[in-house]
1. Against the condition touching a strand residue (DSSP E or B) at 6+ places or on another chain (Cβ under 6 Å), among the β-branched types (V, I, T) and in contact (Cβ under 8 Å) with a residue 40 or more places away in the chain, how does A:V162 come out, does it pass?
2. Conditions first: (1) of a type in the set (A, V, I, L, M, F, W, C); (2) within 10 Å of chain A (Cβ to nearest Cβ); (3) open to solvent by less than 10 Å² (accessible area, probe 1.4 Å). B:A140 passes all but one, so which condition is the exception?
3. In the set B:E524, B:E557, which member is over 22 Å from B:E450 (Cβ atoms), open to solvent by 50 Å² or more (accessible area, probe 1.4 Å) and of a type in the set (D, E)?
4. Kindly establish whether B:E468 is in a helix (DSSP H, G or I), among the acidic types (D, E) and over 29 Å from the mean Cα position of the chain (by Cα).
5. Of A:R220, A:R246, which residue is open to solvent by 20 Å² or more (accessible area, probe 1.4 Å), away from every other protein chain (no Cβ under 14 Å) and of a type in the set (K, R)?
6. Report yes if some residue within region B:91-106 is at pLDDT below 90 and within 14 Å of chain A (Cβ to nearest Cβ); otherwise report no.
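The values are calculated or read from the model by the stated rules, or taken from the named source; none is laboratory data. Please read these numbers as outputs of a predicted model, since none were measured by experiment. Neighbour counts are summed over all protein chains in view; Cβ atoms, including those assigned to glycine, are modelled from backbone coordinates with ideal geometry. Just so you know, the surface numbers come from the protein's heavy atoms only, side chains and all, with ligands and any DNA or RNA stripped out. Shrake-Rupley method; radii C 1.70, N 1.55, O 1.52, S 1.80 Å.
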2 protein chains.
Amino acid sequence: MTPSPEDAPGAVIHFRPAEATLRLEPGESLLDGARRGAIPLASSCGGSGTCLSCLIRIVDGPAPEPSAADRRLLSAKLLADGWRRACQIWPREGCAVQVPPRSAAAQTVRALAGNDVRLVPDPTVRTWRIRLAGQPDDPASSLDDRLIAAINRHGAARCQAVDADALRAAAAFAGREPVRLLAALRRGKLVQVLPADRRALALAVDLGTTSIGAFLLDLRRGRTAPLCQAGITNPQQSLGGDIITRLNRAVHDAGQLRQLQRLAIEGINRLAATLCAQAGAAVTDICDVVVAGNTVMAHFLLALPVAGLAHAPFSPLLRGAADLEARDLGLAAAPAASVHLFPAIAGFIGGDHVAALLALETRELQGITLLLDIGTNTEISLLRREEILSVSCPSGPALEGGEITWGMQAARGAIERVTLREDGEPRLQVIDGAPPEGICGSAVLDIVAELLRAGLINHRGRLQPGPERVRDNDHTREFVLVAEAERDAPAIVFTQGDVRAVQLAKAAIRSGIDMLLQAAGLDEAQLDQVIVAGAFGSYIDLDSAIAIGMLPGLPRERFAQIGDAAGLGTRLAALSHPHRAQAARIAQRARYISMAGSAAFQRQFVSRINFRQPAAAGGGGGR
Amino acid sequence: MTPSPEDAPGAVIHFRPAEATLRLEPGESLLDGARRGAIPLASSCGGSGTCLSCLIRIVDGPAPEPSAADRRLLSAKLLADGWRRACQIWPREGCAVQVPPRSAAAQTVRALAGNDVRLVPDPTVRTWRIRLAGQPDDPASSLDDRLIAAINRHGAARCQAVDADALRAAAAFAGREPVRLLAALRRGKLVQVLPADRRALALAVDLGTTSIGAFLLDLRRGRTAPLCQAGITNPQQSLGGDIITRLNRAVHDAGQLRQLQRLAIEGINRLAATLCAQAGAAVTDICDVVVAGNTVMAHFLLALPVAGLAHAPFSPLLRGAADLEARDLGLAAAPAASVHLFPAIAGFIGGDHVAALLALETRELQGITLLLDIGTNTEISLLRREEILSVSCPSGPALEGGEITWGMQAARGAIERVTLREDGEPRLQVIDGAPPEGICGSAVLDIVAELLRAGLINHRGRLQPGPERVRDNDHTREFVLVAEAERDAPAIVFTQGDVRAVQLAKAAIRSGIDMLLQAAGLDEAQLDQVIVAGAFGSYIDLDSAIAIGMLPGLPRERFAQIGDAAGLGTRLAALSHPHRAQAARIAQRARYISMAGSAAFQRQFVSRINFRQPAAAGGGGGR
């Protein structure tokens, strides 16, 4: 009997190691149920059955019949041992499910070392230590008047008005006796009052599709190194692993849009609570929040309709910066804290890229600079004096390990570096030295580069038969990194399909670079600097990236990996109003080079699919 | 058996003519229950048993035993007919209760003719008719950019940012084709977008303790006459008829404070819905809301702690104006509509008085002017060139008919004018010519003035025995306006206690005037104008007010009754930003003359209790 969505009888499932129990709803696959219950379970293909990332094992209770697809992919022994893909089963009876570390690993995010930049603190929300006079015996004396007088004692007209929520906070401290307080002001309005021994904080948030990162900052401290930082999986994952799934949910259903908003806010609030606890602060000490995210995430956060982003010409409702108050969103912060959302450049080039561009302000840029932020969409900007040209390339999730058969997040158990010995045997470097569980993005590039170097794939990307580690399944050819016997679990392999995915990704990125150079009338040799930003970009091996042709073959000293530039830019905007204004100018100035439907891009893309450098490639982009 | 709060068995009560049914909670009097259920039932003394305003009749089911107090106040026949005071019974068995029109009348509020002033429209929220271009085939083109471009086409830099809620509204109209829209902006930010054929509206709210009045205005129309207006009983009445009861509830219980806030917002929202329906508009067409109220009401609206207002020195948390957004309060308006709360002068002189002072800006003021707004607290200001001196007098509710034995709102059935014929027989004028049900404020002044003129009270205020209409009850002497036999219901009387209440009220007001003159170093004869504002002030007979010594005995041409000045001021602030700024200057400039605990005030007050003009009174106030 073949399982199907119709047969769902609402079985009770126990998930390990989360130790969470959940009743499946009618028609729900095990994966759908886990998502609804926010149980960590990776699914890089979004449940379409094209990857192996949701592989689990039924360890107690009857294992559902395997699907035809699972039968093709998994050996009889593995099937007998209870291995299935969560997206392929609709259990009818209760069972216990073991989720391998590879899936649960999605919960952790590798922290990037914070770039510590010193700057003159000039934040949007400014703080002043004040001495609030005691309450006099005068019915015409009000608390707001006393607060304004205390603040303006140090500089006339600093404060003209008091927010009602700030006033409520101040009322808790004000009494007959004078008291020392910390007053936080925005544009002449008092927005929060804290005891004098507390710090006024800012929260800088990098709102990503996959994960949310947050940094806690001291508003009076002139450096971008955060007090502390943390990252979590974006809780919106429960409504879809990839952005397209979430977009489709929200396009026709305002309720789903609101739910996506709530989940984003929940995620940010969880981070705020964690970080404040760590810093010995209260969330209401947060007087300013700065958020950078891609355009879709920004729309979700504000619950703005996303229909325009779901189909051509993919134009956003909101491109400019948004300024609102924490209470408008229910953010865990002072109610009147400002919330600043970074401006975007276009539908596919969001505030996170603007933040990365802003981070470049802290560097001495010489000549012509290329900035790449590699991800599912890779944003690339070319900077030449005041000119900024930007493209967005549909590079797909492959480079980050998504939609790679054994792809996983860069977490414990992930293979992060691969070299092939002379005899073709792979040498693996695994995060935390743990037993290998899957392959993360940095190793994906290495594998392709090494297979290419060893001649195991040809210039068209075809895996060559013959060597022991290359085997033909009934459906595909694959390179075995860790055999089934070596780990008593399904073999970790790199398939022909995975090679193809990397080829598409690197072709997209390289064509994006080509397009920018073409628009600027430049040759790639004229690039003075190539700056690779972002979490993924920090961990890749540049030689591998150059070897497969993803990046131009320039001298190594022209390259730099600068880490989490978007995070740095977000922190700069939190600490410095001039930087916030500069971000707006960057977003206005940047010229978006559209590639959708561009015949030139199509030609370029096709010419970049193969691994050899096309004969005229270097100069081909020029005049 | 004497009833007591302990005996409450939760009887089910049916109220007529509201036709509402309610189960009493343990310990709840009939009055308490009616309040909880928001069933209109007057109670001017707040349930303390000192007035007759909650008189009802049990018409079906067993009438509870009368309280000792009710036995003293009501005849055996009336008790047998089922008359009781709602605050004096705790029914143990179900019954039907007839609420006389006098009580139910609290629901209606007499509309004051709107003062129609023309002015150059220069509102805080400005509107522009725009032509929004259709969406081009460009992923870098966003709706916010297109909106900003459309607005700034008519004047550069009018619009710098778009509120997220306004953007959401605009998204509903924007498409491939150009469209004509009405854009509402505040300080360079787009806050609402409407179809071009709609009007952008402002809502001006007079948030009173007893009732809430509201005016709907067209933001582009330069006149203060509203599109429509309405008034309702303040829903906070369900938590206490008078402000002290509500204050006491809120002082120690943040939940009650929030509930008072919710009720105020509910009231405003009900008015907004009614008015918009009447004007053929949607509540989201309201782009600006201006609220004026006394200081306690303002604190309730913002849920600001009121402990400071509940005891000496009665200082408010907030005195300055508050500016927030409709979404902060959940007001029925465009989410980003601004909400402006008038500034106050002191704890007892609130935004409503500032609004009345602002309304004077529309008049030619000559010389020295006195502005009175008579109510439970009477605010009086003395204006001399740029100088403003203000006092608040605890005049009590007597002048408005509250705490007067047969007092009632100025509604159908209320005696509004009284004259005594030569033979001592009263001639009554009743609102709507209905059978008399009670006495409203304007008649209260008349009665005392007429009794004084006829010699039925002496200069100390003592009712003189002898005449047929003056009778001695076992507890008090009273003047019978309508005998029991004349209406087959309890007699409508004016008691010795009522005369005393009026004496206290008029002494308070007159002493306030004395104090202001004293502070200004003026004699009352130097007053060029005495302006009586407010609902009550519009209906009193000035001759009566002068006769009893409440107002100084100046030539009649120096007096003016200007109607609802606070309402006019609120509308001015809605239509004109300069007027809003002027209100802030007035609140800053006004000097509050405190009378609480002032020995000078006490002396003055005592000297003003009697009815004869004290020998040195006129000059006594001078230097």
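1. On the way: touching a strand residue (DSSP E or B) at 6+ places or on another chain (Cβ under 6 Å): yes; among the β-branched types (V, I, T): yes; in contact (Cβ under 8 Å) with a residue 40 or more places away in the chain: no.
So A:V162 does not fit the description; no.
2. (3)
3. B:E557
4. Answer is no for this residue.
5. Criteria check complete, one pass: A:R220.
6. Within region B:91-106, none of the residues are at pLDDT below 90 and within 14 Å of chain A (Cβ to nearest Cβ).
One line per residue, one yes/no per condition, for (1) modelled with pLDDT of 95 or more; (2) surrounded by fewer than 22 Cβ atoms within 10 Å (Cβ to Cβ); (3) part of a helix (DSSP H, G or I):
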{"residue": "B:S538", "(1), (2), (3)": "no, yes, yes"}
{"residue": "B:T570", "(1), (2), (3)": "yes, no, yes"}
{"residue": "B:S594", "(1), (2), (3)": "no, yes, no"}
{"residue": "B:R603", "(1), (2), (3)": "no, yes, yes"}
{"residue": "B:R612", "(1), (2), (3)": "no, yes, no"}
{"residue": "B:G619", "(1), (2), (3)": "no, yes, yes"}
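Yes or no, residue by residue, for (1) away from every other protein chain (no Cβ under 14 Å); (2) out of contact with any helix residue (DSSP H, G or I) (no Cβ under 9 Å at 6 or more places or on another chain); (3) open to solvent by less than 10 Å² (accessible area, probe 1.4 Å):
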| residue | (1), (2), (3) |
| --- | --- |
| A:L260 | yes, no, yes |
| A:D323 | no, yes, no |
| A:A336 | no, no, yes |
| A:G351 | no, no, yes |
| A:L358 | yes, no, yes |
